[in-house]
Structure formats: C-alpha cells, structure tokens
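**Q** Got a structure for you, questions after.
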Amino acid sequence: MLIDSHSHLNFEAYKDDLSEVIGRCHQAKMKVINVGAALDTSIKAVEIAQQEKDMYATIGLHPIHVFDEEFDAKVYQKIIDENPEQIVAMGETGFDYFHLWQCLEKGAASIEEAKAKQTEVFGQHVDLAKKNNLPLMVHGRNGKEDITAYQDIYNLLKELGYNKGMVHCYGGSLKEAKKFVELGFHIGFTGIATFDKTGVLEEIIKWIPQDKMIIETDAPYLTPVPHRGKRNEPVFVKNVADKIAQIKSLSVEEVIEITGNNSINLFNLK
Ligand SMILES: [Zn+2]
C-alpha cells in the first residue's frame, strides 16, 4: 500500500485547499501520517486524523522550536490518552544542528545551551514514547560541527535504550545508517533521493535491508522530481518509490508493498 509516512498537511501551506489535497490522497487509496512540530500543529494533525479515513498523527516539538515554547509532557500525554486511535508516534524530535543559530536568535545564550535544550526535549519525547509504547519520529540535520547530529542522536537513543522508530529524511552517512538499523530503527527516504547529486543516498538505498526502508514526502517541502518548484503533497511519494525501485532493481509495486508493510507494522496503522 502506498503510504506517506511523514507529511505536514497540518501546516499553513495547505490552509486554502486542504480538502482538495486530502481528496487526492483518498483517490490514490493511500495512508498519510501527518507530523506535529509544535503544540498547535500537533493538535491540527490529530484533528485531521479524527476527521479523515487513512490519516494518522504524530505529536511533538521539533528541535528548531524548543525555544519557541515549552514542551509540557503532561499536555502531550493528555492528547495521547484522548486520541489513542489517531496518534501513531512521538515527534518529530531530535537534533537540528543546521538551525542552531535560530535558537541563538530565540534566546539561547550559547550553542551549548541550544544543544542542551534540544537534548532535554528529545529525552522527554523518548520518555513518552516508552510510556505509551509508541515509535519515535526522529529528525536529524547536520550543521558545521565536527560531531554530526546523527552521531548525537544515535548516542542518545542508545543511552536511553530505545529502538523503535523512524529516522526521517535521512541525511547521515552510510556508516551511521548501519548503526541506526543495527539499533532497530527504520530509515525514511524523501524526494531528496530523486535529485541528490552526492551519491550518498543512492549508496544507502542500495544497501538498506528491505524491511527497514520507509518512504515519505516531508510535504510541503522537498518536492521530488518531476514536480520540483511546486509545493509538495503526499501523492508525490510515488516518485520516491519510483526512484528506490530503480536503485534497488525492484518493481515500483514491490517498493510500495514493502515500504507500506514496514510503515503499517512500525506505526501499527489500522
Ligand atoms: Zn517534517
């Protein structure tokens, strides 16, 4: 089954035509997981999941927003308690070293303080995931630091002993990908796979065990070829499947079937 395992139909980008975009998802007979990035977008993701068949939600505070608002675990726990059918993961959460400067603008006294806050909030997400037996929707983005965001994510997950989730929009090295898979994590591939010129993603896709690969759009961002320049939307996840099929010498139908089953099992989609 075609599944977009990480999308943001809960974002402003769809405020004018959300029902049309969702209509196209239904037409494609696909499932979509809408990912929260702050309290308001988490609530919106849950609302969409309440109203629409085949739509699911994750709730969490994105690392770039940890200085915009406090993460109140009690509030998030209440949302989980009230919406057990809709909520399929905690996040997105993780480390974003690319946007650390934004944390400085928003009040962090230093890079160290920004990192410490991201670490604290990430840990709170892991606690809730453990408590509610939910997978994690993990976000990582490297900055200019010598230590990559992915190394720090791996170390924290290992230290906290959690092994269930998806490292979304994977942007680390092959070596790091191997460590995440060893730990038990799934790896998410977006439209970047259709236009990446570095060859790194291709190498990772070639290597990845079939039972660990998941496809996603991260819509409205990262629009795949051949739709570059347009706003992204869940139906374009098919283009990510096309690219993976080509790299792994599988049929598109096989990629859709395999990644769909992986997502259904990981997120326990009904
Ligand atoms: Zn996202």
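Values quoted throughout were computed directly from the atomic coordinates according to the rules given, and no laboratory measurement underlies them. None of these values were measured; they are calculated from a predicted model. Neighbour counts are summed over all protein chains in view; Cβ atoms, including those assigned to glycine, are modelled from backbone coordinates with ideal geometry.
**Q** Towards the positive end of the charge dipole of the chain, with charges on Cβ (+1 Lys, Arg; -1 Asp, Glu), say which of LEU61, VAL88, ASN239 has the farthest Cα.
**A** The residue sitting farthest along the positive end of the dipole is ASN239.
**Q** Something else: Taking the Cα centre as origin and putting +1 on Lys and Arg beta-carbons and -1 on Asp and Glu beta-carbons, what dipole magnitude results for the chain, to the nearest 20 debye?
**A** On the way: 30 positive and 40 negative charges, 134 e Å.
With Lys and Arg at +1 and Asp and Glu at -1, about 640 debye.
**Q** For the peptides 72-78, 49-55, 24-30, 147-153, what is the packing order when you average, over each peptide's residues, the other Cβ atoms within 10 Å and list the highest mean first?
**A** Numbers: 72-78: 13.3, 49-55: 16.4, 24-30: 14.9, 147-153: 20.4.
Ranking, from highest mean packing down: 147-153, 49-55, 24-30, 72-78.
**Q** Right, here's the next one. Compare the Cα positions of VAL126, GLY191, MET166 along the charge dipole of region 125-233 (+1 at Cβ of Lys, Arg; -1 at Cβ of Asp, Glu; about the Cα centre) and return the one farthest towards the positive end.
**A** Going by the charge dipole, the pick is GLY191.
**Q** Using the alpha-carbon centroid of each, what span in Å lies between region 7-23 and region 96-147?
**A** When both Cα centres are located, 27 Å separates them.
**Q** Still on this structure: Longer than 18 Å from Cα to Cα, which of LYS248/LYS270; LYS212/LYS248; LYS164/LYS206; LYS131/LYS164 are they? Say none if no pair is.
**A** On the way: LYS248/LYS270 28 Å; LYS212/LYS248 13 Å; LYS164/LYS206 22 Å; LYS131/LYS164 13 Å.
Going by Cα-Cα distance, LYS248/LYS270; LYS164/LYS206 fall outside the 18 Å limit.
**Q** Would you work out which of GLN51, SER249, CYS103 lies farthest towards the positive end of the dipole of the chain, given +1 charges on the beta-carbon of Lys and Arg and -1 on that of Asp and Glu, about the Cα centre?
**A** It is SER249.
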